[in-house]
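The next block holds one structure in the form of structure tokens; read it before the comments.
The values are calculated or read from the model by the stated rules, or taken from the named source; none is laboratory data. Computed from a predicted structure; not experimentally measured. We place every Cβ from the backbone using ideal geometry, glycine too, and count neighbours over all the protein chains shown. Areas reflect the complete protein model, heavy atoms only, side chains present, ligands, DNA and RNA absent. Shrake-Rupley method; radii C 1.70, N 1.55, O 1.52, S 1.80 Å.
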Amino acid sequence: MTDILDIAATQVLEQGEGLTEAQVLEVLQLPDERVEAALALAHDVRLHWCRDAVEVEGIVSLKTGGCPEDCHFCSQSGRFETPVRAARLDIAELVEAARETAATGATEFCIVAAVRGPDERLMAQVRDGVAAIRAAVDINVACSLGILTAAQADELQAMGVHRYNHNLEAARSHFAAVVTTHTWEERRATLELVRERGMEVCCGCIIGMGETLSQRAELAAQLAAVDPDEVPMNFLDARPGTPFAGMPPVDAPDALRAIAAFRLAMPRTILRFAGGRELTLGDLGARQGVLGGINAIIVGNYLTTLGRDPQDDLDLLAELSMPVKELSRTL
Ligand code: SF4
């Protein structure tokens, strides 16, 4: 049998065709001593198909906590006893956060709300917030507001929202073990609405929620089928009070295999390091990731956990001679 990394060198690196589900599974099953080779190939794929720039994004939570949904990993669900307290930001705070994010060199600023989907009050706040940011700060605005109706997707597009985030989170076959208050199909439908309106699609996942390796491969294939512009890869950072509180962190070699495999499944996507990476990979993880297929990072704090100091990441990119992607002036 031909080695999966040899196959990937031709199929993915040369031809730009992502690995299939079965092939992703082979990468996820590579022995530890092949992990470095898998990461090196993933890095070459990223450099060839995405170039060397690294996209930097900041996120801010417009509405934190008190969500009616029951995503078992999420400390913002109002159904679990977690230390997260409900909070809302006003427009001035939002603009200030966008300004601080732009000052780090970031090109994307994502407004996030912990909701099933936006109600009229939240849409009005987002409308005012996006207009205020666009008037004051030179940065692309992205939103993550949950499940959308067609009319809401129209409205976000009309506001000039550049990218919409809605994560599939888990493989379709594993979803019911993670969330019971909405379906994988509902999440998928929102992604279609976003795509149809020409906004960039950002669709991420969480690794380490009790899925099998086959389900991890299934997830990679289902994400690739969405053809997302960006995929934030999270590793479960088990939050106290949530149903997944007792889950162990993903082992570092498994996390690295997943990074390489997801890059090989999606050669052209922006693959972003999101939450949980410090826990799984430690400080070294940033280096291994950006030399193993990752080409985007979130600066500063994640939504409910503390990230690394943004300057550490920016220093690392400078040390590795990887330029921070610049804002497209055509927008
Ligand atoms: S992941 Fe989103 S929808 Fe699910 S509980 Fe958390 S905030 Fe709510």
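Candidates in region 76-88 are the residues that are surrounded by fewer than 19 Cβ atoms within 10 Å (Cβ to Cβ) and hydrophobic (A, V, I, L, M, F, W, C); of these, the one that is nearest to the ligand (Cβ to nearest atom) is Ala86. Looking only at region 26-40, residues that are within 13 Å of Ser214 (Cα to Cα) and open to solvent by 20 Å² or more (accessible area, probe 1.4 Å) come to 2 in all.
Please tell me if Glu33 is farther than 30 Å from Glu100 by Cα, more than 16 Å from the ligand (Cβ to nearest atom) and in contact (Cβ under 8 Å) with a residue 40 or more places away in the chain. No.
Residue by residue, here is whether (1) at pLDDT below 70; (2) polar (S, T, N, Q); (3) open to solvent by 10 Å² or more (accessible area, probe 1.4 Å) holds:
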| site | (1), (2), (3) |
| --- | --- |
| Leu256 | no, no, yes |
| Leu279 | no, no, yes |
| Val290 | no, no, no |
| Thr305 | yes, yes, yes |
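Residues in region 135-145 that are open to solvent by 10 Å² or more (accessible area, probe 1.4 Å) and either within 12 Å of the ligand (Cβ to nearest atom) or under 14 Å from Cys205 (Cβ atoms) (or both): Ser144 alone.
This table checks each residue for (1) part of a loop (DSSP other than H, G, I, E, B); (2) charged (D, E, K, R); (3) at pLDDT 95 or above.
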position: Glu17; (1), (2), (3): yes, yes, yes
position: Ala42; (1), (2), (3): no, no, yes
position: Glu69; (1), (2), (3): yes, yes, yes
position: Pro83; (1), (2), (3): yes, no, no
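Of the residues Glu100, Glu108, the single one that is among the acidic types (Asp, Glu), surrounded by 20 or more Cβ atoms within 10 Å (Cβ to Cβ) and within 30 Å of Ala318 (Cβ to Cβ) is Glu108.
Counting only residues that are within 19 Å of the chain's Cα centre (by Cα) and without any contact (Cβ under 8 Å) to a residue 40 or more places away in the chain, how many does region 162-182 have?
Step one: filter region 162-182 for residues within 19 Å of the chain's Cα centre (by Cα), giving 162-172, 174-175, 178-179.
If we keep only those that are without any contact (Cβ under 8 Å) to a residue 40 or more places away in the chain too, we end up with 164, 166, 175.
Here the count works out to 3.
Taking region 154-186, which residues are surrounded by 21 or more Cβ atoms within 10 Å (Cβ to Cβ) and small (Gly, Ala, Ser)? Ala170, Ala171 - these are the residues of region 154-186 that are surrounded by 21 or more Cβ atoms within 10 Å (Cβ to Cβ) and small (Gly, Ala, Ser).
Conditions tested, residue by residue: (1) within 16 Å of the ligand (Cβ to nearest atom); (2) touching a His at 6+ places or on another chain (Cβ under 7 Å); (3) assigned to a loop (DSSP other than H, G, I, E, B).
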residue	(1), (2), (3)
Glu93	no, no, no
Glu96	no, no, no
Arg99	no, no, no
Ala102	no, no, no
Ala106	no, no, yes
Pro118	yes, no, yes
Met123	no, no, no
Ile133	no, no, no
Ile147	yes, yes, yes
